[in-house]
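Data first, discussion second: the structure below is written as structure tokens.
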Amino acid sequence: MMTSLMTQARLLQKYSKCFRDIPQHYVRNVTRTLATHSTTYKALVSKSTNIHKNLAFEQYLYSTIDFHHTNLLFLWRNDPCVVIGRHQNPWVECNIGFLQEHNIALARRHSGGGTVYHDNGNLNCTFFTARNGYNRKRNLNLLVEAITKSWDIDLTVNERDDIILDGLYKISGTAAKLDKTKGYHHCTLLFNVQADTLQEALSATHIGCKSKATASFPARIANLADADNTITYEALIASVAEQFLAQNRENQVYSAEWVDPGSIEGCKDINKIQEDLQKWEWVFGKTPPFHIHRQFRKDFKGYSSHVQIHLDIKAEIVCGLVEKIQINMKGFDSKNIEEFIRVLHQECIGLQFRKHTLEYKLNELLNTSHMYDADMEIGNWIMSCILDNVQ
Amino acid sequence: MASTTKKLLEGRVYNKYEWVLMDEGNTATVGISNHGQTQLGEMFHVELPVVGDSVEINDSCGSVESLHAATDVFAPLSGEIVEVNTILKSSPNLINKSPLNHGWLFKMKVKDVTELGKLIAEEQYLATLEDF
């Protein structure tokens with residue numbers, strides 16, 4: 001009877017000959033095919049665990065390779081990060097404050113679909129093909145077959161193109177990008193992700209936001225390792241690569257290639273794409289327009305009479321910038337506060353909807369407002385209510 | 001409505017995934033073909049080009065996000081964008097429900113009508129769909 005350690009060792013030994021290190025000029029040669037008309041299947045595994053570097057490399061592969069006779073599988077994993085879809089709203093989809101506190105990166109990809117959390121317990125698979133070779137179900141069935149061939153677990157593909165474990169738990173999400181002559185389908189595979197961190201990272205306060213951004217579908221998730229703890233990263237990529245490369249004709253023997261996108265030919269172009277992906281204007285600025293409406297109430301004691309103040313805040317955010325902000329206050333008459341609010345309406349227009357930008361501006365407005373005591377206390381409270389939306 | 005629909009269905013020309021309908025005044029209406037919207041699935045989000053922009057043939061001008069993919073829309077002809085179908089911002093699935101009619105994407109002033117020669121007539125397009 002095999003122990004789990006023996007099973008792992010057996011699998012690793014079987015598959016270790018699947019992999020070899022990639023020479024620097026590999027990417028240029030990747031379209032060279034042995035047969036002129038049949039499709040050649042090739043696989044690359046990234047040595048990088050940086051989400052922006054890997055997304056940039058994925059983009060680079062997509063734009064530079066001709067897929068008419070080549071189907072390429074790209075395998076990659078990342079340090080902890082959250083990845084939102086092309087038309088999603090990060091303020092709604094994730095807890096931006098939590099991400100910043102825990103050094104979890106935030107990225108926006110070019111494909112559509114929903115928000116996902118990655119860490120080293122998640123494997124990403126990108127299937128590149130010609131446009132007429134694009135077939136998500138075929139790719140997902142290949143993954144299911146690769147996994148169930150080596151491990152005795154219950155995996156199915158549902159109508160939303162999710163891979164489901166035991167009929168209940170989502171262990172894979174899918175997205176795609178299509179162009180005139182080519183396309184790619186990429187998906188996640190949760191094999192041993194930190195579920196608690198995932199939950200916290202993806203639980204945003206949805207208070208008061210209305211937008212036309214693509215919404216994620218929340219789902220119960222699980223890890224493949226919950227079903228069989230011999231499912232490790234090395235064993236998983238070996239199974240998947242072998243299944244994919246087996247589609248080659250018998251006289252074509254290919255191994256999956258390890259590649260460091262930071263040092264291959266073309267790395268300058270990859271770095272440029274990476275820089276663009278990391279810009280605020282891309283990550284936050286590409287958010288479809290959205291509208292915030294929130295109301296606050298607070299009792300202020302210590303004056304001659306008890307005061308209850310109602311605050312109504314409305315804001316329009318377009319391209320991640322404040323297009324309009326409107327604050328209405330009831331319950332306390334103060335010319336100074338009215339003036340502060342009037343100036344605020346003007347001065348916030350065009351600012352990035354981000355905490356330190358708005359905090360800096362609001363502090364500046366408070367310091368130049370000539371408000372004291374009770375007015376200043378209320379002014380600070382108004383600032384905290386505004387920043388409560390921003391994370 | 002019936003006669004307007006009949007008029008719209010006459011005279012379309014196609015590239016693989018888009019249709020073009022010319023009027024007498026050199027303005028082309030562009031949309032996604034029925035085959036295109038079927039392949040992409042239910043539309044969630046549409047980004048339209050900007051009125052006033054000049055585009056060359058095959059330039060990316062807008063994008064759609066659907067159940068199956070995010071896809072760029074490519075200009076089937078060169079010219080200037082003169083009108084966009086703003087209803088799609090709130091009802092992107094018009095592209096699925098009425099791809100050849102209410103789901104049109106944008107209108108453009110065509111720069112070079114000879115480019116129409118690169119597109120194929122509807123009858124021929126429908127006959128070749130099996131090849132796609």
Subject >> Selected residue (criterion: nearest to the other protein chains (Cβ to nearest Cβ)) from residues of segment B:78-132 that are polar (S, T, N, Q) and not in a helix (DSSP H, G or I) >> reply: B:S91
**OP:** Filter segment A:177-198 for residues that are buried (at least 20 other Cβ atoms within 10 Å of the Cβ) and either of a type in the set (G, A, S) or in a loop (DSSP other than H, G, I, E, B) (or both) and give the result.
**Re:** A:G183, A:F191, A:V193
**OP:** For A:S211, indicate whether it is more than 14 Å from chain B (Cβ to nearest Cβ) and farther than 19 Å from A:L140 by Cα.
**Re:** no
**OP:** For residues that are buried (at least 21 other Cβ atoms within 10 Å of the Cβ) and either free of Cβ contacts under 8 Å to residues at least 12 places away in the same chain or within 14 Å of chain B (Cβ to nearest Cβ) (or both), tally how many sit in segment A:47-85.
**Re:** 5
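Restrict the check to segment B:18-26 and report whether at least one residue is within 28 Å of A:R109 (Cα to Cα) and either buried (at least 21 other Cβ atoms within 10 Å of the Cβ) or at pLDDT 90 or above (or both). Full working, then the answer.
Going residue by residue through segment B:18-26, those that are within 28 Å of A:R109 (Cα to Cα) are B:18.
Right, trim to either buried (at least 21 other Cβ atoms within 10 Å of the Cβ) or at pLDDT 90 or above (or both) and you get B:18.
Yes.
Quick check, is A:A201 surrounded by 19 or more Cβ atoms within 10 Å (Cβ to Cβ), small (G, A, S) and touching a Ser or Thr at 6+ places or on another chain (Cβ under 6 Å)? Break it down stepwise before answering.
Values: surrounded by 19 or more Cβ atoms within 10 Å (Cβ to Cβ): yes; small (G, A, S): yes; touching a Ser or Thr at 6+ places or on another chain (Cβ under 6 Å): no.
Judged against the criteria, A:A201 is not a match.
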**OP:** Output the residues belonging to segment A:227-245 that are surrounded by fewer than 18 Cβ atoms within 10 Å (Cβ to Cβ) and either without any contact (Cβ under 8 Å) to a residue 40 or more places away in the chain or assigned to a helix (DSSP H, G or I) (or both).
**Re:** A:Y233, A:E234
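Sort out which residues of segment A:244-273 are under 14 Å from A:K42 (Cβ atoms) and among the polar types (S, T, N, Q), and write them in order of number.
A:Q247, A:N248, A:Q252, A:S255
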Original post:
What is the one condition in (1) of a type outside the set (F, W, Y); (2) out of contact with any Pro (no Cβ under 8 Å at 6 or more places or on another chain); (3) farther than 14 Å from A:L198 by Cα that A:L99 does not satisfy?
Top reply: (3)
Subject >> Evaluation of A:H293 against (1) under 30 Å from A:R342 (Cβ atoms); (2) within 14 Å of another protein chain (Cβ to nearest Cβ) (one fails), failing number >> reply: (2)
**OP:** Within segment A:229-242, identify whether any single residue is in the same structural domain as A:D152 (by TED's automatic domain parsing), over 25 Å from the mean Cα position of the chain (by Cα) and under 15 Å from A:V193 (Cβ atoms), and answer yes or no.
**Re:** yes
**OP:** Kindly indicate the residue of segment B:32-73 that is in contact with a Lys or Arg (Cβ under 9 Å, 6 or more places away or on another chain), more than 11 Å from every other protein chain (Cβ to nearest Cβ) and among the small types (G, A, S) and also surrounded by the fewest Cβ atoms within 10 Å (Cβ to Cβ) among those meeting that condition.
**Re:** B:S54
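The values are calculated or read from the model by the stated rules, or taken from the named source; none is laboratory data. Values in this document were obtained by computation on a predicted structure and should not be read as measured data. Heads up, the Cβs are rebuilt from the backbone with ideal geometry, glycines too, and the neighbour counts pull from every protein chain shown.
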